[in-house]
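Single-structure report; data block below.
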Amino acid sequence: MAKAEETILEIDLKALGHNYTYLRSKIKPETKFMAVVKAYAYGSDALAIAKYLENLGTDYFAVAYVNEGVTLREGGITAPIVVLHPQKVHFKTLIRKNLQPSIYSKAILSDFIATAKELGKTDYPIHLKFNTGLNRLGFSDHELPDIATIIQQQNAVKVIALLSHLAATEDPNEMDFTDLQLKRFDAVCKKADTLFKSNTLKHVLNTSGIINYPHAQYGMVRSGIGLYGYGNEAHIDAELQPVMTLKTIIAQKHTILPGESVGYNRKYKSEHKTVTATLPLGHADGIGRQYGQGKTYVSIHGKAAPIIGNVCMDMIMIDVTDIECEEGDEVIIFGKELTAHEFSKTAQTITYELITGLSQRIKRILKN
Ligand SMILES: *Cc1c(COP(=O)(O)O)cnc(C)c1O
């Protein structure tokens with residue numbers, strides 16, 4: 001029976017390599033691949049993931065914020081890194097660390113040009129992001145002439161890429177909307193290339209876009225969730241391998257009598273003699289209270305044990321009455337069999353939220 005010592009997040013680099021190869025096989029050999037490693041590489045370990053992927057030939061990386069890009073640069077990543085949502089206060093750091101901003105408004109564009117000038121840059125590479133229907137970040141297409149004017153009046157920055165982000169690439173009920181977004185993006189690209197007299201790189205697809213809209217791969221695709229082993233659809237999940245396994249240990253067992261309760265606010269009351277096990281992880285680690293009170297289960301020696309009572313900050317309790325186990329035994333919260341997708345579904349959320357919410361307190365261990 002597998003033993004454990006503490007709560008760990010195991011990161012399977014071989015699985016990462018498999019997922020990368022699979023996703024690359026879905027695009028043309030000449031299409032560039034941008035690995036999205038924001039939010040600690042979706043809760044895993046951004047630097048370890050980026051190093052591994054850079055070795056495999058990943059062309060580009062994406063992070064959300066400047067500090068995430070700084071971590072990669074200081075760790076030795078040399079490939080281009082796009083910052084998807086940079087804040088003005090960090091523009092100087094962004095430039096000093098040779099990161100590429102995704103610029104989404106005229107105000108941000110002017111601010112960025114000013115900073116690039118101040119640092120004496122010429123042709124500093126920037127990406128322009130267009131809103132095609134997500135209504136989150138991005139220029140509107142009618143701003144193109146103004147953007148062209150701003151760009152042509154200076155030489156501190158150079159537009160090297162155009163991008164947009166799609167709202168529902170994994171949803172077959174929204175195919176018409178996705179097609180509309182892609183049509184809008186195509187129109188923006190044509191207009192921009194005419195106005196800027198250029199032929200820039202273009203990128204619009206996320207993981208589910210790569211799977212469902214490969215005709216729109218342009219010069220580059222951006223993949224996050226697929227690299228970590230989740231495809232948003234059962235038939236794609238079957239092709240991918242989960243990279244992260246969250247494991248812990250039985251810290252203590254209790255046998256409680258009928259009528260006794262477990263945990264804060266006595267949210268579990270036993271009807272029969274019950275054996276419980278206490279695990280050293282809780283809502284401070286990213287396993288929130290929504291998973292408590294019988295909604296979710298974990299796995300011990302391949303058997304399902306429900307989480308009972310309220311999830312505490314540093315501990316959860318599970319019911320192991322029918323499972324042969326001892327203190328010190330390994331417990332799988334999610335991994336390859338019981339997946340993060342299934343785990344997150346029990347609390348009506350998505351894999352993205354579960355894995356990116358895993359706290360930095362959990363020790364990361366690289367495997368393979
Ligand atoms: C997070 C993000 C992605 C990655 O999406 P996945 O569904 O994880 O592949 C791609 N593009 C942008 C702009 C993002 O913010």
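The values are calculated or read from the model by the stated rules, or taken from the named source; none is laboratory data. Owing to the predicted nature of the structure, the values given are computational and were not obtained by experimental measurement. Methodologically, a virtual Cβ is constructed for each residue, glycine included, from the backbone with ideal geometry; neighbour enumeration extends over all protein chains shown.
Taken together, the residues in the stretch 214-236 that are farther than 13 Å from Leu23 by Cα and either without any contact (Cβ under 8 Å) to a residue 40 or more places away in the chain or not in a loop (DSSP other than H, G, I, E, B) (or both) amount to 4. If the condition is being surrounded by 17 or more Cβ atoms within 10 Å (Cβ to Cβ) and not in a helix (DSSP H, G or I), then the stretch 169-196 contributes Thr169, Glu170. Criterion first (in contact (Cβ under 8 Å) with a residue 12 or more places away in the chain, assigned to a helix (DSSP H, G or I) and over 30 Å from Glu143 (Cα atoms)) does Gly69 satisfy it? For Gly69, the condition - in contact (Cβ under 8 Å) with a residue 12 or more places away in the chain, assigned to a helix (DSSP H, G or I) and over 30 Å from Glu143 (Cα atoms) - is not met. Which of the following residues is within 30 Å of Ile250 (Cβ to Cβ), of a type outside the set (Val, Ile, Thr) and crowded, with 18+ Cβ neighbours inside 10 Å: Ala41, Ala2, Ala62? None of the other options fit; the residue is Ala41.
Condition first: touching a strand residue (DSSP E or B) at 6+ places or on another chain (Cβ under 8 Å), charged (D, E, K, R) and surrounded by fewer than 22 Cβ atoms within 10 Å (Cβ to Cβ). Now tell me which residues in the stretch 109-148 satisfy that. Lys121, Asp123, Asp141 - these are the residues of the stretch 109-148 that are touching a strand residue (DSSP E or B) at 6+ places or on another chain (Cβ under 8 Å), charged (D, E, K, R) and surrounded by fewer than 22 Cβ atoms within 10 Å (Cβ to Cβ).
Output the residue which, of all residues in the stretch 314-352 that are without any contact (Cβ under 8 Å) to a residue 40 or more places away in the chain and in contact with a Gly (Cβ under 9 Å, 6 or more places away or on another chain), is farthest from Ala2 (Cα to Cα). So, considering only residues that are without any contact (Cβ under 8 Å) to a residue 40 or more places away in the chain and in contact with a Gly (Cβ under 9 Å, 6 or more places away or on another chain), the one farthest from Ala2 (Cα to Cα) is Asp314. Each residue in the stretch 235-272 was checked for being acidic (Asp, Glu) and over 31 Å from the mean Cα position of the chain (by Cα), and 2 pass.
When residues in the stretch 16-55 are screened for being within 16 Å of the ligand (Cβ to nearest atom) and not polar (S, T, N, Q), 23 of them pass.
For residues in the stretch 114-163 being assigned to a strand (DSSP E or B) and charged (D, E, K, R), which is nearest to the ligand (Cβ to nearest atom)? Ranking the candidates gives Lys129 first.
The residues of the stretch 340-367 that are within 16 Å of the ligand (Cβ to nearest atom) and either outside the structural domain of Ala305 (by TED's automatic domain parsing) or of a type in the set (Val, Ile, Thr) (or both), listed by number, are Thr349, Ile350, Thr351, Ile355, Thr356.
Reported count of residues in the stretch 316-356, each being part of a loop (DSSP other than H, G, I, E, B), out of contact with any helix residue (DSSP H, G or I) (no Cβ under 6 Å at 6 or more places or on another chain), among the hydrophobic types (A, V, I, L, M, F, W, C) and at pLDDT 95 or above, is 3.
Within this structure, Ala216 passes the test of being modelled with pLDDT of 95 or more, closer than 21 Å to Ser102 by Cα, away from the ligand (no atom under 13 Å from the Cβ) and crowded, with 21+ Cβ neighbours inside 10 Å. The residues of the stretch 153-188 that are over 26 Å from His235 (Cβ atoms) and without any contact (Cβ under 8 Å) to a residue 40 or more places away in the chain, listed by number, are Gln153, Asn155, Lys158, Lys183, Asp186. Note on the stretch 197-213: among residues that are among the polar types (S, T, N, Q) and part of a helix (DSSP H, G or I), the one that is nearest to the ligand (Cβ to nearest atom) is Thr207.
Taking the criterion of being surrounded by 21 or more Cβ atoms within 10 Å (Cβ to Cβ), within 16 Å of the ligand (Cβ to nearest atom) and either in contact (Cβ under 8 Å) with a residue 40 or more places away in the chain or not in a loop (DSSP other than H, G, I, E, B) (or both), the residues of the stretch 85-107 that qualify are Gln100, Pro101, Ser102, Ile103.
When the stretch 27-38 is filtered for residues that are crowded, with 22+ Cβ neighbours inside 10 Å and either assigned to a helix (DSSP H, G or I) or of a type in the set (Lys, Arg) (or both), nothing remains. From the list Gly282, Gly263, the one residue that fits, being out of contact with any Pro (no Cβ under 9 Å at 6 or more places or on another chain), more than 16 Å from the ligand (Cβ to nearest atom) and on the phi > 0 side of the Ramachandran plot, is Gly263.
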